[in-house]
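Novice: One structure, as structure tokens, below. Some questions next.
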Amino acid sequence: MCGIFGCTSSRLSVSTVIYESLKRLEYRGYDSVGLATTHNGSIYLKKDQGRIREVEENLHLSFLPGRCGIGHTRWATHGAPSKENAHPVTDCNGMLALVHNGVIENYLELKDQLQKLGHRMRSRTDSEVIAHLIEMHVKQGLPLDEAVRRTLLLLKGSYAIAAIFASDEDTIICARMESPLVIGLSPNFVCCSSDIPALPKEVEKIIVVENGEIVVIRPHTIIIKSLETGQELPLKVTLREEMTGDADIGGFTHYMLKEIHEQPQVALNVIKAPAKFVTQLAEKLVKAERVYLIGCGTSYHACIFGSHVLRFLAKIDSFPLIASEFDYCNASLDAKTVVLALSQSGETMDVLSALKRLQDLGIEVLALTNVMGSSITRLASAYLGLYAGPEIGVAATKTFTAQLLMLARVAVEASNIKGENVDYAKRIEEFLRQSPSAIKSSISSNVRRAQELSVKMSLKDHAFFLARGVNVATALEGALKLKEVSYVHAEGYPAGESKHGPIALVEEDYPCVFICPQDETYDKVIGNIMEMKARGAFIVSCIEEGDKEVKEISDFSFVLPSVEVKMLTPVLHVLPLQLLAYYTAVARGFDPDKPRNLAKSVTVP
Ligand code: F6R
């Protein structure tokens with residue numbers, strides 16, 4: 001939710017560097033964009049509502065003069081998407097410009113106080129109060145970094161900010177409280193960014209800014225201070241991590257398609273990931289009396305899968321919970337409870353808030369995330385990476401597969417430690433070894449089929465995705481993918497529940513997608529297919545090779561390699577559903593990489 005970037009250099013004009021980095025940050029929000037620089041004692045600023053390329057075409061953001069600047073790509077929280085509400089925001093006299101990612105909870109109170117002091121607000125954002133508070137402190141005669149620090153002490157909520165000043169042309173002051181922020185160092189410039197993949201290629205070293213730190217960046221110096229005390233802190237510089245993938249689109253039309261096709265490689269990365277971290281997590285899980293797996297959206301669907309696998313394989317009492325509901329569900333929490341949090345980004349506020357409360361209660365928190373150095377890795381007592389490489393498409397695809405495979409690895413390890421279901425665990429290991437090629441053939445053999453079905457699906461308003469058992473996770477994920485990128489309304493349901501209400505919606509040619517592997521759910525799912533068929537539904541099925549029975553009663557089938565360990569069928573059965581969602585979005589003329597109203601990392605509660 002919103003991406004911020006800043007760059008200062010002793011030799012380069014920075015607006016192109018900022019513009020290019022904002023393009024890489026656009027997945028964080030894309031309803032408005034803006035850029036500001038300092039030059040000859042003034043602030044130059046351009047911003048507007050719209051996608052970054054459109055705004056560049058109209059305003060030429062990348063032509064702003066100056067060697068120091070900041071930029072922002074927005075996902076609106078306070079104030080509708082508009083030119084006024086776009087960032088950077090400024091103080092009364094345009095002497096400073098500021099970008100912000102996060103939410104200032106007490107902004108109304110602060111705004112009121114500032115207005116009484118005569119400050120003129122131009123936007124409806126919560127962020128603008130920060131600029132005016134800094135202005136107020138500067139007018140009191142404080143040095144810039146102290147003025148920013150005093151301002152931040154007045155704020156309640158979350159922020160990553162970066163500010164530039166007409167009076168101090170080569171300086172950026174940035175700070176972090178909850179929202180992510182990193183500093184990048186290169187021979188030609190120093191920059192700050194909401195995330196690592198957005199950093200320019202030249203950046204060789206990184207400093208991860210911690211909560212409660214304020215950073216003063218100049219072309220050749222970086223000073224970090226504690227927000228609370230104002231005291232200087234040591235710099236913790238690390239080499240830029242080798243990424244397991246890259247953020248280039250390659251020859252693909254969209255990142256989503258590229259990321260779907262990357263899944264065989266992701267599977268290979270997961271099975272090659274160091275065993276010691278998997279063991280570390282498994283050891284903690286087997287000691288627990290109960291495990292809650294918490295996450296949001298796609299990560300929550302992976303939690304459903306993970307709980308099934310941990311329960312079945314390792315006999316660990318595991319339950320999936322939606323992170324934003326965690327507070328209200330009165331889950332039993334004691335010293336024997338462990339919470340495993342799943343988050344691709346590692347920055348989802350709903351997950352982080354739950355984890356903080358759990359930490360306060362002394363509950364052990366573990367994490368599975370794709371972003372090393374993300375907030376979740378700092379909250380967890382142990383964490384495991386997904387090794388999926390940067391995921392740029394807003395809809396999660398390859399990271400869902402990585403979550404399933406990594407959870408399967410953890411469950412296998414847990415079952416080995418406990419001596420439970422050891423034979424089945426061995427067969428899962430065998431499946432994991434084969435998974436890169438099974439995933440590859442599942443994708444390649446279903447691309448054309450998904451394109452075919454997308455033509456019909458693109459003309460529909462609604463669809464059901466139904467399954468039983470572990471594949472309820474697949475059904476929910478298939479429906480989420482379709483609705484979020486193509487805007488065809490889709491509901492995922494346990495198939496047995498469909499007759500308790502949802503079936504009322506079914507009429508002639510209503511699409512019902514069944515995930516139907518030949519496991520213990522098979523006969524009952526056939527029963528559910530027949531119920532829908534009897535009401536005229538258009539039956540789509542995801543079936544295993546050689547399944548003639550369901551093929552015959554279906555109007556359309558996706559065929560997947562037959563899997564011996566049925567518990568792992570979601571890994572393959574979700575793939576045609578990802579393709580279907582992608583091609584349906586394209587057939588309807590939408591950009592699947594940037595669905596409306598969404599952002600890749602949801603850093604607001
Ligand atoms: C769906 C999607 C979202 C995320 C959710 C959680 O395609 O991407 O539903 O899964 O916002 O995000 P993370 O996993 O980063 O916590």
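Novice: Is there any pair linking a residue in segment 355-376 that is touching a residue at least 60 places away in the same chain (Cβ under 8 Å) to one that is open to solvent by 10 Å² or more (accessible area, probe 1.4 Å) and within 10 Å of the ligand (Cβ to nearest atom), with Cβ under 6 Å and at least six apart or on different chains, and which?
Specialist: VAL371/SER345; SER374/GLU347; SER375/GLU347
Novice: Something else now. State which residue is nearest to the chain's Cα centre (by Cα) when the search covers only segment 580-599 and only residues that are open to solvent by 50 Å² or more (accessible area, probe 1.4 Å) and within 14 Å of the ligand (Cβ to nearest atom).
Specialist: LEU598
Novice: Could you list all residues from segment 527-544 that are surrounded by fewer than 20 Cβ atoms within 10 Å (Cβ to Cβ) and acidic (Asp, Glu)?
Specialist: GLU531
Novice: Select from segment 365-378 the residues that are more than 13 Å from ILE294 (Cα to Cα) and surrounded by 19 or more Cβ atoms within 10 Å (Cβ to Cβ) and list them in ascending order. Write out each step before concluding.
Specialist: Start the filter on segment 365-378 by keeping residues that are more than 13 Å from ILE294 (Cα to Cα), which leaves 370-375, 377-378.
ASN370, VAL371, SER374, SER375, listed by residue number.
Novice: Which residue out of HIS119, HIS39, HIS132 is closer than 28 Å to GLU20 by Cβ and touching a residue at least 12 places away in the same chain (Cβ under 8 Å)? Show your work before the answer.
Specialist: Details: HIS119 fails: closer than 28 Å to GLU20 by Cβ; HIS132 fails: closer than 28 Å to GLU20 by Cβ.
Exactly one of HIS119, HIS39, HIS132 is closer than 28 Å to GLU20 by Cβ and touching a residue at least 12 places away in the same chain (Cβ under 8 Å), namely HIS39.
Residue-by-condition table, conditions (1) within 16 Å of the ligand (Cβ to nearest atom); (2) modelled with pLDDT of 95 or more; (3) surrounded by 22 or more Cβ atoms within 10 Å (Cβ to Cβ); (4) over 27 Å from MET567 (Cα atoms):
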| residue | (1), (2), (3), (4) |
| --- | --- |
| ALA463 | no, yes, yes, no |
| LEU466 | no, yes, yes, no |
| VAL485 | yes, yes, yes, yes |
| ALA495 | no, yes, yes, no |
| PRO517 | no, yes, yes, no |
| GLU520 | no, yes, no, no |
| VAL525 | no, yes, yes, no |
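Novice: Regarding ALA80, is this residue at pLDDT below 95 and surrounded by fewer than 16 Cβ atoms within 10 Å (Cβ to Cβ)?
Specialist: Criteria met by ALA80.
Novice: Just checking, which of LYS284, LYS225 is buried (at least 16 other Cβ atoms within 10 Å of the Cβ) and in the same structural domain as VAL338 (by TED's automatic domain parsing)? First the steps, then the outcome.
Specialist: Numbers: LYS225 fails: in the same structural domain as VAL338 (by TED's automatic domain parsing).
The match here is LYS284.
Novice: Shifting gears a bit: In segment 308-355, which residue that is open to solvent by less than 60 Å² (accessible area, probe 1.4 Å) and of a type in the set (Val, Ile, Thr) is nearest to the ligand (Cβ to nearest atom)?
Specialist: That would be THR348.
Novice: Got at least one residue in segment 565-574 being within 16 Å of the ligand (Cβ to nearest atom), buried (at least 18 other Cβ atoms within 10 Å of the Cβ) and outside any strand (DSSP E or B)?
Specialist: Applying the first criterion (within 16 Å of the ligand (Cβ to nearest atom)) to segment 565-574 yields 570, 574.
Now drop any that are not buried (at least 18 other Cβ atoms within 10 Å of the Cβ), which leaves 570, 574.
Then drop every residue that is not outside any strand (DSSP E or B), which leaves 570, 574.
Checking segment 565-574: at least one residue is within 16 Å of the ligand (Cβ to nearest atom), buried (at least 18 other Cβ atoms within 10 Å of the Cβ) and outside any strand (DSSP E or B).
Novice: Here's a follow-up. Among the residues of segment 264-281, is any outside any helix (DSSP H, G or I), more than 16 Å from the ligand (Cβ to nearest atom) and hydrophobic (A, V, I, L, M, F, W, C)?
Specialist: First, pick out the residues of segment 264-281 that are outside any helix (DSSP H, G or I): 273-274.
Those still in the list that are more than 16 Å from the ligand (Cβ to nearest atom) too: 273-274.
Filter once more, keeping what is hydrophobic (A, V, I, L, M, F, W, C): 273.
Yes - at least one qualifying residue is present in segment 264-281.
Novice: Could I ask something else about it? Just one of (1) surrounded by fewer than 24 Cβ atoms within 10 Å (Cβ to Cβ); (2) under 22 Å from LYS551 (Cβ atoms) trips up ALA504, so point out which.
Specialist: (2)
Novice: Among the residues of segment 94-115, count how many are part of a helix (DSSP H, G or I) and either open to solvent by 10 Å² or more (accessible area, probe 1.4 Å) or in contact (Cβ under 8 Å) with a residue 24 or more places away in the chain (or both). So that I can check it myself, show each step before the final result.
Specialist: Going residue by residue through segment 94-115, those that are part of a helix (DSSP H, G or I) are 107-115.
Retained after the next criterion (residues that are either open to solvent by 10 Å² or more (accessible area, probe 1.4 Å) or in contact (Cβ under 8 Å) with a residue 24 or more places away in the chain (or both)): 107-113, 115.
Qualifying residue count, segment 94-115: 8.
Novice: Follow-up. Could you look through segment 288-303, keep only residues that are in contact with a Lys or Arg (Cβ under 8 Å, 6 or more places away or on another chain) and open to solvent by 20 Å² or more (accessible area, probe 1.4 Å), and pick out the one that is farthest from the ligand (Cβ to nearest atom)?
Specialist: Only one residue fits best here, namely GLU289.
Novice: Working only within segment 386-407, note down all residues that are touching a strand residue (DSSP E or B) at 6+ places or on another chain (Cβ under 8 Å) and either assigned to a loop (DSSP other than H, G, I, E, B) or modelled with pLDDT under 95 (or both).
Specialist: Of segment 386-407, the ones touching a strand residue (DSSP E or B) at 6+ places or on another chain (Cβ under 8 Å) are 386, 403, 406-407.
The answer is LEU386, and nothing else.
Novice: Please tell me if ALA475 is open to solvent by less than 10 Å² (accessible area, probe 1.4 Å), assigned to a helix (DSSP H, G or I) and within 16 Å of the ligand (Cβ to nearest atom). Show your work before the answer.
Specialist: Details: open to solvent by less than 10 Å² (accessible area, probe 1.4 Å): yes; assigned to a helix (DSSP H, G or I): yes; within 16 Å of the ligand (Cβ to nearest atom): yes.
In short, yes.
Novice: Quick check on this structure: which one of LYS111, LYS116, LYS83 is within 29 Å of the chain's Cα centre (by Cα), assigned by TED's automatic domain parsing to the domain that holds ILE223 and not β-branched (Val, Ile, Thr)?
Specialist: Values: LYS111 fails: within 29 Å of the chain's Cα centre (by Cα); LYS116 fails: within 29 Å of the chain's Cα centre (by Cα).
Answer to the selection: LYS83.
Novice: State yes or no: is ALA438 in contact with a helix residue (DSSP H, G or I) (Cβ under 8 Å, 6 or more places away or on another chain), open to solvent by 10 Å² or more (accessible area, probe 1.4 Å) and in a helix (DSSP H, G or I)?
Specialist: On the way: in contact with a helix residue (DSSP H, G or I) (Cβ under 8 Å, 6 or more places away or on another chain): yes; open to solvent by 10 Å² or more (accessible area, probe 1.4 Å): yes; in a helix (DSSP H, G or I): yes.
Against the criterion (in contact with a helix residue (DSSP H, G or I) (Cβ under 8 Å, 6 or more places away or on another chain), open to solvent by 10 Å² or more (accessible area, probe 1.4 Å) and in a helix (DSSP H, G or I)), ALA438 qualifies.
Novice: Right, next: For segment 373-401, which residues satisfy the criterion of being closer than 17 Å to LEU340 by Cβ and more than 11 Å from the ligand (Cβ to nearest atom)?
Specialist: Kept after step one, since they are closer than 17 Å to LEU340 by Cβ, are these residues of segment 373-401: 374-386, 399-400.
THR377, ARG378, LEU379, ALA380, SER381, ALA382, TYR383, LEU384, GLY385, listed by residue number.
Novice: If you go through segment 519-562, how many residues are in contact with a Pro (Cβ under 8 Å, 6 or more places away or on another chain) and within 22 Å of ALA581 (Cβ to Cβ)?
Specialist: So the first thing to find is which residues in segment 519-562 are in contact with a Pro (Cβ under 8 Å, 6 or more places away or on another chain), and the list is 537-538, 540, 542-545, 558, 560.
In the following step, the residues that additionally are within 22 Å of ALA581 (Cβ to Cβ) were identified as 537-538, 540, 542-544, 558, 560.
Here the count works out to 8.
The values are calculated or read from the model by the stated rules, or taken from the named source; none is laboratory data. A quick note: this is a predicted structure, and the numbers were derived from the prediction, not measured. Note that each Cβ is placed from the backbone with ideal geometry, even for glycine, and that neighbours are counted across all protein chains shown. For the accessible areas, the whole protein counts, side chains as well, though only heavy atoms, and no ligand, DNA or RNA atoms are used. Shrake-Rupley method; radii C 1.70, N 1.55, O 1.52, S 1.80 Å.
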